[in-house]
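Notes for the one structure printed next.
The values are calculated or read from the model by the stated rules, or taken from the named source; none is laboratory data. Not measured: the values here are computed from a predicted model. We place every Cβ from the backbone using ideal geometry, glycine too, and count neighbours over all the protein chains shown.
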Amino acid sequence: MGQLVCATVEATDGLELAGTYDVDNIDKLDEEAPAVDLVIDFSRPEALPHVISYVKRTGAALVSGTTGLTEDQLADLRALGDKSRVVWSSNYSLGVAVLRRVAAEASRALAGWDIEIVETHHNQKADAPSGTALALLASVDPEGECSVAYGREGIVGVRPAREIGMHALRGGTVAGTHEVHFFGADEEVCLTHRATSRQIFVAGAVACAKRLLEAELGFHSFDELMF
């Protein structure tokens, strides 16, 4: 993702790549890195304190696509909106944004149906379930009223009402597939988004970055900026 972001930024009119940071030099963000207008962060949760420190020091806008963050870390990002322009999303694909909206509508229309969420990613992905799968869960159960079964094993008995199944598959080089299944009596609806390249996430993030630079101070959502 980092390499794709760099290549896309360099190829985008109106943007110029100032530098890159990774696990080998992330600590230099705190005091040594020069000020820029915007930071795009697709890294790991361990890097977040350095990124936040840099944004506080420079006032740079921040596009964050790091997943696996804790609730406290997400709260830190939201609070950062008091000092700069910030957007965080677990997925910067426009198609996934539409999938979340459609899944929310289907959940309301198909009340009482059983729901299962299945996500598939490459064998190098560190976190499970994916941030996008969790976002889809929030779309179909915005109040958090349902119980969640993260996979099933053994004699689990009859499926409880108002339970949502969450399943993570890992293998090969899959860029990302997300499915939301709705099961009713004698019928099923399956909503699917399939990414064939990570470039779609990069393109969305860079497009979002250009809009963030024109946005007001605060913490923004991807949907808010793009739709």
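Only one of these is crowded, with 16+ Cβ neighbours inside 10 Å and either farther than 20 Å from Val87 by Cβ or not assigned by TED's automatic domain parsing to the domain that holds Leu77 (or both): Gly144, Gly157, Gly176, Gly172. Name it. Walk me through how you get there before you give the answer.
Details: Gly144 fails: crowded, with 16+ Cβ neighbours inside 10 Å; Gly157 fails: crowded, with 16+ Cβ neighbours inside 10 Å; Gly172 fails: crowded, with 16+ Cβ neighbours inside 10 Å.
Residue meeting the stated conditions: Gly176.
Filter segment 66-119 down to residues that are more than 20 Å from Leu212 (Cβ to Cβ) and part of a strand (DSSP E or B), then give me how many there are.
6
For segment 191-205, how many residues are of a type outside the set (Val, Ile, Thr), exposed (fewer than 12 other Cβ atoms within 10 Å of the Cβ) and assigned to a strand (DSSP E or B)?
Taking segment 191-205 first, the residues of a type outside the set (Val, Ile, Thr) are 191, 193-195, 197-199, 201, 203-205.
Narrowing further to those that are exposed (fewer than 12 other Cβ atoms within 10 Å of the Cβ): 197.
When the remaining residues are screened for being assigned to a strand (DSSP E or B), the result is none.
Residues meeting the conditions: 0.
For segment 83-101, how many residues meet the condition of being among the hydrophobic types (A, V, I, L, M, F, W, C) and under 14 Å from Ala138 (Cβ atoms)?
Step one: list which residues in segment 83-101 are among the hydrophobic types (A, V, I, L, M, F, W, C), which gives 86-88, 94, 96-99.
Now restrict to residues that are under 14 Å from Ala138 (Cβ atoms): 88, 96-97, 99.
Within segment 83-101, residues that are among the hydrophobic types (A, V, I, L, M, F, W, C) and under 14 Å from Ala138 (Cβ atoms) number 4.
Across segment 1-36, which residue is surrounded by the most Cβ atoms within 10 Å (Cβ to Cβ) among those that are closer than 16 Å to Ser64 by Cβ and over 22 Å from the mean Cα position of the chain (by Cα)?
The qualifying residue surrounded by the most Cβ atoms within 10 Å (Cβ to Cβ) is Leu29.
Every residue, every condition in (1) among the acidic types (Asp, Glu); (2) assigned to a loop (DSSP other than H, G, I, E, B); (3) in contact with a strand residue (DSSP E or B) (Cβ under 9 Å, 6 or more places away or on another chain), yes or no:
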{"residue": "Val5", "(1), (2), (3)": "no, no, yes"}
{"residue": "Thr20", "(1), (2), (3)": "no, yes, no"}
{"residue": "Glu32", "(1), (2), (3)": "yes, yes, no"}
{"residue": "Val51", "(1), (2), (3)": "no, no, yes"}
{"residue": "Tyr54", "(1), (2), (3)": "no, no, yes"}
{"residue": "Arg57", "(1), (2), (3)": "no, no, no"}
{"residue": "Val63", "(1), (2), (3)": "no, no, yes"}
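Which one of these is small (Gly, Ala, Ser) and at pLDDT below 95: Ala205, Ala209, Ala161?
Details: Ala205 fails: at pLDDT below 95; Ala209 fails: at pLDDT below 95.
Within the list Ala205, Ala209, Ala161, the selection yields Ala161.
Taking segment 164-190 only, how many residues are at pLDDT 95 or above, closer than 19 Å to Ser90 by Cβ and either in contact with a Pro (Cβ under 6 Å, 6 or more places away or on another chain) or of a type in the set (A, V, I, L, M) (or both)?
6
Working carefully through the options Thr132, Thr70, find the one that is surrounded by fewer than 16 Cβ atoms within 10 Å (Cβ to Cβ) and hydroxyl-bearing (Ser, Thr, Tyr).
Result: Thr70 is the single residue among Thr132, Thr70 that is surrounded by fewer than 16 Cβ atoms within 10 Å (Cβ to Cβ) and hydroxyl-bearing (Ser, Thr, Tyr).
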